[in-house]
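The structure appears below as structure tokens.
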Amino acid sequence: MILRRRPRRFWPLVLLVAAASAGAAEEAGFDSSAFEKKPFELGGYVQLKQEDFALNRDGAFYKLNSFGQPQRDDLGRSTATLQLAGKLRQGIGTFDFRTNSSLQRDQLAHDHDNSIYEAAYSIRPDPGFTLEAGKRALKWGKGYAWNPIGFVERPKDANDPQLAREGFVMADADWISSPGGNLQTVAFTPVLLPVGEDLNSDFGASGHLNPAAKLYLLYRDTDIDFAWQGKNSRPARFGMDFSRNVTSNFEIHGEWARIRQFARPVTDDLGRVTTEVGNATSYLLGLRYLTAGDTTYIAELYHNGTGYSESEADQFYRLVDTAFTQVQQIGSSPLLPKALALGQGSYARPFAGENYLYFRAQAKDAFGIVYFTPAITAMMNLQDGSYQLTPELQYSGITNLELRLRLFLLRGDSSTDFGEKANSRKLELYARYYF
């Protein structure tokens, strides 16, 4: 989003309008306290979601995920979620938090989870400087579905990019300045992220304090970020992004990231794993266009430098197929433990390939129905041609209530990305009530 400073010559007019508005507000009995920041705020939502899966029993990840369990053609899952978000202000200090609690049940199992997504205390001694410590979900990058420079955050769910994510425990700061001229804004964000056995353990190797930083520039109405993360728990990496409004309704954005000495396990169809170490480059190019009729189009091209080529992925799928064929024929297979281990690692990432295309079209108040928003999303693996198509309907015309219906359709041949997923179709319905 482009930020612009108001030209100084308009300040007298602004003050005159503000004074006149204040006078009119007094006459009308206007209560300005309604717009003041409250010392304590608490909100959130409760959500009920039903998912019905058509399982892909020929898919590699169905075989791996369901090994040792009753075999099924379909699965129904119910999930109840409570998410709370609060903020407490006192002087220059602010404490804010976000929690997520869920209860999930299907025909195979039931589970519950209570997580603290964010909990951080910040102080702001100056309007241009903030210092904080705690658990924080940072959001680096300009991409909508993917963020190659999201170095110190958990990856987005490309099927629901705006969903809140769990953060990491860290200390960070924000310094903001407005030099003026072509360089309208400068912001610097240093980060220190510790990793221990029980602290941020999924970030990488324990026993390290990981430094990172982001420099933001607003230069001639173009947003630019330079990001860096030092080598410790993870390999060192650096990158940049940009975003620019070409016109008021047309925006372009991009990201580029380089990971130094990234270790990538690669298997052949006999389960012989080699670790390839080398530099990996990822990038993203995208656009967003808003029509006069309030239809938004988003398109992104993503190259995953840490992903697997079509031939590399095919070797893994052949390994899984051979292992389970041997199990069916003789009751066991020496390849099965290898396939199961690899199926829990980097091959199991949601977008483990190299090249993807994302497209989304969303119409606001469609067909003259206020608060009715239909949309369609498509994601394609450009290497093997497999894809996922997701039409959806959303309605928010009832106060504080949001209803959404989505249908996920996965298509692809054998040994393709979406063709080897655990399910071939999913119908999802949720009701979310905000408070």
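Against the list (1) open to solvent by 50 Å² or more (accessible area, probe 1.4 Å); (2) among the small types (Gly, Ala, Ser); (3) closer than 14 Å to Phe61 by Cβ, the condition Gly368 fails is (3).
At least 3 residues being among the charged types (D, E, K, R), touching a strand residue (DSSP E or B) at 6+ places or on another chain (Cβ under 7 Å) and in contact (Cβ under 8 Å) with a residue 60 or more places away in the chain is the threshold, and among the strands (runs of 3 or more DSSP E) wholly inside the stretch 26-141 those reaching it are 40-55. In the stretch 189-215, the residues that are farther than 19 Å from Ala120 by Cβ form Cβ pairs under 7 Å with partners that are open to solvent by 70 Å² or more (accessible area, probe 1.4 Å) and not in a strand (DSSP E or B), at six or more places apart or across chains, as follows: Ser206/Glu197. Going through (1) modelled with pLDDT under 95; (2) touching a Ser or Thr at 6+ places or on another chain (Cβ under 7 Å) one by one, Phe67 falls short only on (2). Does Leu284 count as in contact with a helix residue (DSSP H, G or I) (Cβ under 6 Å, 6 or more places away or on another chain), closer than 29 Å to Glu420 by Cα and hydrophobic (A, V, I, L, M, F, W, C)? It is false that Leu284 is in contact with a helix residue (DSSP H, G or I) (Cβ under 6 Å, 6 or more places away or on another chain), closer than 29 Å to Glu420 by Cα and hydrophobic (A, V, I, L, M, F, W, C). Going by the conditions given, is Ser332 modelled with pLDDT of 95 or more and more than 22 Å from Asn56 (Cβ to Cβ)? Spelling it out, it is not the case that Ser332 is modelled with pLDDT of 95 or more and more than 22 Å from Asn56 (Cβ to Cβ). In the stretch 347-362, is there at least one residue being out of contact with any Leu (no Cβ under 8 Å at 6 or more places or on another chain), more than 20 Å from Leu284 (Cβ to Cβ), open to solvent by 40 Å² or more (accessible area, probe 1.4 Å) and of a type outside the set (Gly, Ala, Ser)? Within the stretch 347-362, none of the residues are out of contact with any Leu (no Cβ under 8 Å at 6 or more places or on another chain), more than 20 Å from Leu284 (Cβ to Cβ), open to solvent by 40 Å² or more (accessible area, probe 1.4 Å) and of a type outside the set (Gly, Ala, Ser).
Scanning the stretch 109-141 for residues that are in contact with a Ser or Thr (Cβ under 6 Å, 6 or more places away or on another chain) and among the β-branched types (Val, Ile, Thr), we see that the one that is surrounded by the most Cβ atoms within 10 Å (Cβ to Cβ) is Thr130. The residues of the stretch 410-426 that are within 19 Å of Ile376 (Cβ to Cβ) and within 21 Å of the chain's Cα centre (by Cα), listed by number, are Leu410, Phe418, Lys426. Among the residues making up the stretch 33-86, those that are among the acidic types (Asp, Glu) and more than 25 Å from the chain's Cα centre (by Cα) are Glu36, Glu41, Asp58, Asp73, Asp74. Which ones in the stretch 318-346 are open to solvent by less than 30 Å² (accessible area, probe 1.4 Å) and either among the aromatic types (Phe, Trp, Tyr) or more than 27 Å from the chain's Cα centre (by Cα) (or both)? If the condition is that a residue be open to solvent by less than 30 Å² (accessible area, probe 1.4 Å) and either among the aromatic types (Phe, Trp, Tyr) or more than 27 Å from the chain's Cα centre (by Cα) (or both), then Leu319, Val320, Ala323, Phe324, Ser333, Leu335, Leu336, Ala339 are the ones that fit. Could we say that Arg4 is modelled with pLDDT of 95 or more, on the phi < 0 side of the Ramachandran plot and more than 24 Å from the chain's Cα centre (by Cα) here? Spelling it out, it is not the case that Arg4 is modelled with pLDDT of 95 or more, on the phi < 0 side of the Ramachandran plot and more than 24 Å from the chain's Cα centre (by Cα).
Residues of the stretch 173-188 include none that is in a strand (DSSP E or B) and crowded, with 20+ Cβ neighbours inside 10 Å. Considering the stretch 142-170, and only residues there that are in contact (Cβ under 8 Å) with a residue 40 or more places away in the chain, more than 9 Å from the chain's Cα centre (by Cα) and open to solvent by less than 30 Å² (accessible area, probe 1.4 Å), the residue that is farthest from Thr222 (Cα to Cα) turns out to be Gly167. Would you say Ser415 is under 30 Å from Arg264 (Cβ atoms), open to solvent by 30 Å² or more (accessible area, probe 1.4 Å) and of a type in the set (Ser, Thr, Tyr)? Judged against the criteria, Ser415 is a match.
The values are calculated or read from the model by the stated rules, or taken from the named source; none is laboratory data. Note that the structure is a prediction, hence the values are computed from the model and not measured. Virtual Cβ from ideal backbone geometry, glycine too; neighbours counted across all protein chains shown. Each accessible area value is taken on the protein alone, full model and side chains, heavy atoms only, with ligands, DNA and RNA left out. Shrake-Rupley method; radii C 1.70, N 1.55, O 1.52, S 1.80 Å.
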